[in-house]
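Worksheet: one structure, shown below.
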Amino acid sequence: MEKKDIDWSNLGFGYVKTDMRYVSNFKDGAWDEGTLTEDANIVLNECAGVLQYAQTIFEGLKAYTTEDGHIVAFRPDLNAERMEDSARRLEMPAFPKDRFVDAITRVVKANEAYVPPYGSGATLYLRPYMFGFNSVIGVKPATEYQFRVFATPVGPYFKGGAKPLTIRVSDFDRAAPHGTGHIKAGLNYAMSLHAIVSAHEEGFDENMYLDPGTRTKVEETGGANFLFVTKDGGVVTPKSDSILPSITRRSLMYVAKEYLGLKVEEREVLLSEVKDFAECGLCGTAAVISPVGKIVDHGTEICLPSGMEEMGPVTRKLYETLTGIQMGRVEAPEGWIHVIK
């Protein structure tokens, strides 16, 4: 299929309307068969559950053109499982895992002309989401829902290479104890907006959120998990019931252990020990790993030995190996790559 006339190398990380998207409706206790549609607009009643009580969840993943010319998605089954967990927590009906993967496949195939070519640095970002559809005025779950998937081509997250970030320890809490921090609910991200805007105003790239109970342990940022590298080359990631289980982070930890032979730990990480790490990164779908060079705790600077010029050596090896798997340059573990075409 002929590709769209897009300057792939200069794409930003933003929304570009594509030809088709998927939609399925839940009503009277069941999902309909679902369909592809050209209509990018949603018409809602003013009292829809999503508008009144933020009953909405979402996922994010990418489709890639691999080195050998295939179009693939990376571990969509895990996105499906995480969305099921999110749905259960917000009293929403789970969209079946097999149908989730099928919806992703159909949307990518229908928008094949928007899948960036191999080597461009760009990818096709996929956004599955679900929301309460019918009118709800009392505080209770909706009874009707809509599940949708749209696609948009996005450029490389870092143009000209990944420069280490400067982040601050935030005074805000990202999630409440026993709250919704472990699911991908829209309300979690709305709560983080003020914190990230104020961080930017103060000259920081991101926030480091601490545990809301004791405010002594590292949790995550507004949209990514932390990954630390010890001075002897081990990889550590924080463990908490209110951290979103990042698919990228889980994949990187597997790569660290099984591909690179590194010692890996998922454990509580105290803020007081961050100064002792050699490298730090933020992991997520958009950038895979964003290196962190400096963490500022209320005026006290913690400067990582990896510096402010480039990724640390272990972080870079993790990044190169995982992106190699995604792009078909490195052999993938069984089940990680979903071949679409």
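The values are calculated or read from the model by the stated rules, or taken from the named source; none is laboratory data. Small disclaimer: the values here were computed from a predicted structure and weren't measured. Using ideal geometry, Cβ is built from the backbone for each residue, glycine included, and neighbour counts are taken over all protein chains shown. Heads up: the accessible areas ignore ligands, DNA and RNA and are worked out on the full protein's heavy atoms, side chains in. Shrake-Rupley method; radii C 1.70, N 1.55, O 1.52, S 1.80 Å.
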Within region 255-302, can you find the residues that are under 18 Å from residue 244 (Cβ atoms), modelled with pLDDT of 95 or more and either open to solvent by 20 Å² or more (accessible area, probe 1.4 Å) or among the charged types (D, E, K, R) (or both)?
266, 267, 268
Qualifying positions in region 121-166 - closer than 11 Å to residue 50 by Cα, among the hydroxyl-bearing types (Ser, Thr, Tyr) and open to solvent by 10 Å² or more (accessible area, probe 1.4 Å):
135
If I go through region 157-190 residue by residue, how many of them are under 23 Å from residue 291 (Cα atoms) and more than 15 Å from the chain's Cα centre (by Cα)?
17
Residues located in region 1-54, provided they are closer than 18 Å to residue 153 by Cα, of a type in the set (A, V, I, L, M, F, W, C) and part of a loop (DSSP other than H, G, I, E, B)
1, 6, 11, 13, 16, 20, 40
When region 26-47 is examined, which residues are found to be free of Cβ contacts under 8 Å to residues at least 24 places away in the same chain, farther than 19 Å from residue 104 by Cβ and touching an Asp or Glu at 6+ places or on another chain (Cβ under 9 Å)?
28
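Looking only at residues in region 70-107 that are open to solvent by 50 Å² or more (accessible area, probe 1.4 Å) and touching a Gly at 6+ places or on another chain (Cβ under 9 Å), which one is farthest from residue 147 (Cα to Cα)?
Taking region 70-107 and keeping what is open to solvent by 50 Å² or more (accessible area, probe 1.4 Å), we get 70, 81, 85, 88-89, 91, 97-99, 102, 106.
Subset that is touching a Gly at 6+ places or on another chain (Cβ under 9 Å): 70, 99, 102, 106.
Values: 70: 27, 99: 11, 102: 13, 106: 14 Å.
Checked region 70-107; the qualifying residue farthest from residue 147 (Cα to Cα) is 70.
For region 249-275, give me the residue count where each residue is free of Cβ contacts under 8 Å to residues at least 60 places away in the same chain and either part of a helix (DSSP H, G or I) or under 17 Å from the mean Cα position of the chain (by Cα) (or both).
Filtering region 249-275 for residues free of Cβ contacts under 8 Å to residues at least 60 places away in the same chain gives 249, 253, 257, 261-270, 272-275.
Subset that is either part of a helix (DSSP H, G or I) or under 17 Å from the mean Cα position of the chain (by Cα) (or both): 249, 253, 257, 272-275.
Residues in region 249-275 being free of Cβ contacts under 8 Å to residues at least 60 places away in the same chain and either part of a helix (DSSP H, G or I) or under 17 Å from the mean Cα position of the chain (by Cα) (or both): 7 in total.
Scan region 54-68 for residues that are closer than 15 Å to residue 86 by Cβ and open to solvent by 10 Å² or more (accessible area, probe 1.4 Å) and jot them down. Lay out the reasoning, then the answer.
Narrowing region 54-68 to residues closer than 15 Å to residue 86 by Cβ: 54-61.
Correct list: 54, 55, 56, 58.
Scan region 1-49 for residues that are small (Gly, Ala, Ser) and surrounded by fewer than 16 Cβ atoms within 10 Å (Cβ to Cβ) and report the count.
Let us first name the residues in region 1-49 that are small (Gly, Ala, Ser), namely 9, 12, 14, 24, 29-30, 34, 40, 48-49.
Cutting the leftovers down to surrounded by fewer than 16 Cβ atoms within 10 Å (Cβ to Cβ) gives us 9, 12, 14, 29-30, 40.
Result for region 1-49: 6.
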